[in-house]
Amino acid sequence: MPNALTVVGGEDPEGIVSGAGATQCVVYQAEMRVRPFGLPIAERVCSGSNPLRKNLLQGAPNLTGRLTKLQREAGSQWVPEAQMASETANRHRFEYLSLSSDLGFDRLSIVSIPTSTRRDLLGSLALTAACVATIRPLAAAPVADVQAVRVISKRPNLYHGWPTLARRSNGELLVVCSGGRQSHVCPFGWVELMKSRDGGRSWGWPRILMDSPTDDRDAGVCETSRGSLLVTTFTSLAYVDYLKGAKPGTRGRFMNWTRERIDAWKSAHERLTQAEREEMLGTWMLRSTDGGMTWSAPYRVPVNSPHGPIALSDGRVIYAGKRLWHPKRRIGVADSRDDGQTWRWLAEVPTRDGDDFTDYHELHIVEAANGRLVAHIRNHNKANERETLQTESDDGGRSWSMPHAIGVWGLPSHLARLRDGRLLMTYGYRRSPFGNQARLSEDNGDSWSEPMTISDDGEGGDLGYPSTVELDDGSLVTVWYEKMSGSPYAVLRQAVWTTPG
C-alpha cells in the first residue's frame, strides 16, 4: 500500500498531498447516515480505531485538522467532480453528506488510498460503516409539492409570533400563537386560539385564552387521548431591557421609538410592582375538557417549549423542555398520567462534552411507529451552533441518549408522525433563502432526508416556528409566523402541500 495521499484532479490547497510525496489515489465519497455520532465528519473519520483512519493518515499526520479546515473553507471544491475522470474513481464513487451545512456547502470530499480491486474497496467500506455510518448511494432529494400559501391571521395591525398547529381526532384544526403584540419583544403578548373545521380553508376569528399583565409568549397546543385540549405558554420580562434604553426618535432592535410608544410600554410595565412581575414569571398550561368552549385558569407546569406536549399511545402526556425562572435550571421531560392535570419530572436530557445545557432550547417530541421517542433540540453551543440536535428514548422517556447532530441547520424543529409511519420535521430556515423547510425519516429517526422547501420568500430572519398536521387525504398543512415586507407586524402564514411518495 502506498504510504502517502494524493488527489485525482483538482488542487491541493492545504499542501496535504505535496507534503506527503504521494503518487496516486482515488477519491471516495459516500453518504453518511449518522445517528449515534455528533462529531464533524473529519473528526469522526480521522479518529479512534476507525479502519479508514489508517488510509487517510498515511503520510499525512495532520490531516484531521487540515481536513476540518478544508471542510469549512473548500468543501467539495477541493476535488472537482468534473475532474474525477479515472475509471476507478467513477466505478467506486459515492458521496459523503456533510454535517456542517451551516458553513455554506452541502458535501465534503474525503481522499483515501485506493484498493486494488472492487472487492477490496467494498470490504474496506463495509468495515468503515461499522465504525462510522451506514454507506449507500445518495438518493435524489425529495421535493415538496406546495399547492397554496396564504396569510391566515386576522389582525393585520398586530404582531403574531411562535404558533403551533394541531389536529383533533374529529378533524378540527387548532392554531395558537402569541398575539396582540407590537413587536418581537414587547409587554403586550397574549395567547390566542383560532379554529378551522374545513382543513384550513377558512379560519374563525381568534379568541384570547390568556392575557396576563406581562408578556405571554410561545404558545403550544395538543389533544390528549381523552380528548382534552392543553395549551401552553410562558411569561417573560425580556422587554424590560429594551424599555430602559428607549429614547424618542431612536431606532431600537425591533422598532422605532416614539414618545407614544414609550408611554404605552411604561404604562403596561407599571400594571404590576416589581415583586408582582417576578411572581408572574412562569411556565403555564390551560386545559379544556369541552373542545375549547371553556378553559381552566392557567396553572404552572415543570417545563416549557414552544410547541408544547404530545399525547402518547400509552395514555400519558409527555412534555420536553426547559425549566425556566428557577434557581436550578434543568432540561428534560415531564409527564402527566391524569390527562394533563398534574405533572411530574421524569428525566434529564444529558449534555454533550463541551456543551452548556443552558444553550439547549425549544425541544419537541414525537413517538415513532416502533415506540421510540425522538426529541429535537435547538442548539446554541459552539459545536453545531444553530443546528438541530437529536436525542432518543427507548423506555418511554425515562432515559435519553446523548444529543447528537443530524446535519440540519435550522430551528426550532416540530415533529410529527404521518399515517404511513414516516416522521416529519419542519423548521425555520433563518438565512438566505429565508423560509421554512421539512425533512422525512423512514427509519424512526435514524436518518433524515435532504431538505424540502415549504417557503423561501422571506424578507429576513423574523419568521419560522412551523408546525405541521396531516389531513385525511394525505395532504399536509403547515403554519408559521413571518414578518413580511411592507409591514412591521408579523403574520401567520399557512401552506398546503404534499410529500413525495
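The values are calculated or read from the model by the stated rules, or taken from the named source; none is laboratory data. Worth saying up front: this structure is predicted, and the values here are computed from it rather than measured. Heads up, the Cβs are rebuilt from the backbone with ideal geometry, glycines too, and the neighbour counts pull from every protein chain shown.
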message: Just to be sure I understand, how many residues within the stretch 326-350 are in a loop (DSSP other than H, G, I, E, B) and among the aromatic types (Phe, Trp, Tyr)?
response: 1
- prompt: Does Ile262 count as among the β-branched types (Val, Ile, Thr) and surrounded by 17 or more Cβ atoms within 10 Å (Cβ to Cβ)?
  reply: no
- request: Being in a strand (DSSP E or B) and more than 24 Å from the chain's Cα centre (by Cα) is the filter; apply it to the stretch 210-247 and report the residue that is farthest from Ser288 (Cα to Cα).
  value: Asp215
query: Based on what the data block shows, is Ser202 more than 16 Å from His160 (Cβ to Cβ), assigned to a loop (DSSP other than H, G, I, E, B) and either in contact with a helix residue (DSSP H, G or I) (Cβ under 8 Å, 6 or more places away or on another chain) or not assigned by TED's automatic domain parsing to the domain that holds Val477 (or both)?
result: no
query: Among the residues of the stretch 323-337, which ones are under 22 Å from Asp394 (Cα atoms) and either without any contact (Cβ under 8 Å) to a residue 12 or more places away in the chain or touching a Pro at 6+ places or on another chain (Cβ under 7 Å) (or both)?
result: Ala334
- line: The condition of being closer than 23 Å to Leu230 by Cα, surrounded by 13 or more Cβ atoms within 10 Å (Cβ to Cβ) and not aliphatic (A, V, I, L, M) holds, among Arg344, Arg277, Arg330, only for Arg330
- prompt: Within the stretch 405-413, is even one residue touching a residue at least 60 places away in the same chain (Cβ under 8 Å) and outside any strand (DSSP E or B)?
  reply: yes
message: Whether any residue in the stretch 308-325 is part of a loop (DSSP other than H, G, I, E, B) and more than 23 Å from His376 (Cα to Cα) is what I want to check.
response: no
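The rows are residues; the columns are (1) in contact with a strand residue (DSSP E or B) (Cβ under 8 Å, 6 or more places away or on another chain); (2) farther than 23 Å from Arg352 by Cβ.
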{"residue": "Asp263", "(1), (2)": "no, yes"}
{"residue": "His269", "(1), (2)": "no, yes"}
{"residue": "Leu281", "(1), (2)": "yes, yes"}
{"residue": "Met293", "(1), (2)": "no, yes"}
{"residue": "Val317", "(1), (2)": "yes, yes"}
{"residue": "Lys328", "(1), (2)": "no, no"}
{"residue": "Ile331", "(1), (2)": "yes, no"}
- prompt: For the stretch 387-398, how many residues meet the condition of being more than 12 Å from Asp446 (Cα to Cα), touching a strand residue (DSSP E or B) at 6+ places or on another chain (Cβ under 6 Å) and either surrounded by fewer than 24 Cβ atoms within 10 Å (Cβ to Cβ) or among the acidic types (Asp, Glu) (or both)?
  reply: 4
- request: Would you mention how many residues in the stretch 248-281 are in contact (Cβ under 8 Å) with a residue 12 or more places away in the chain, in a loop (DSSP other than H, G, I, E, B) and over 22 Å from Asp462 (Cβ atoms)?
  value: 4
statement: Scanning the stretch 258-282 residue by residue, the ones that are in contact with a Leu (Cβ under 8 Å, 6 or more places away or on another chain), more than 27 Å from Arg300 (Cβ to Cβ) and of a type in the set (A, V, I, L, M) total 1
Total residues in the stretch 153-163, condition in contact with a Phe, Trp or Tyr (Cβ under 8 Å, 6 or more places away or on another chain) and buried (at least 21 other Cβ atoms within 10 Å of the Cβ): 5
message: Can you tell me which condition Ser401 does not meet? The list is (1) touching a His at 6+ places or on another chain (Cβ under 7 Å); (2) not in a strand (DSSP E or B), and all the others hold.
response: (1)
field: Among the candidates Met285, Met293, residue that is assigned to a loop (DSSP other than H, G, I, E, B) and in the same structural domain as Leu209 (by TED's automatic domain parsing)
entry: Met293
Strands (runs of 3 or more DSSP E) contained entirely in the stretch 440-501, each with at least 3 residues that are closer than 11 Å to Ala144 by Cα: 452-455, 490-498
statement: When (1) surrounded by fewer than 19 Cβ atoms within 10 Å (Cβ to Cβ); (2) without any contact (Cβ under 8 Å) to a residue 40 or more places away in the chain are applied to Lys195, the one that fails is (2)
task: Taking the options Arg323, Arg329, name whichever one is over 19 Å from Asp446 (Cβ atoms), under 21 Å from the mean Cα position of the chain (by Cα) and of a type in the set (Lys, Arg).
output: Arg323
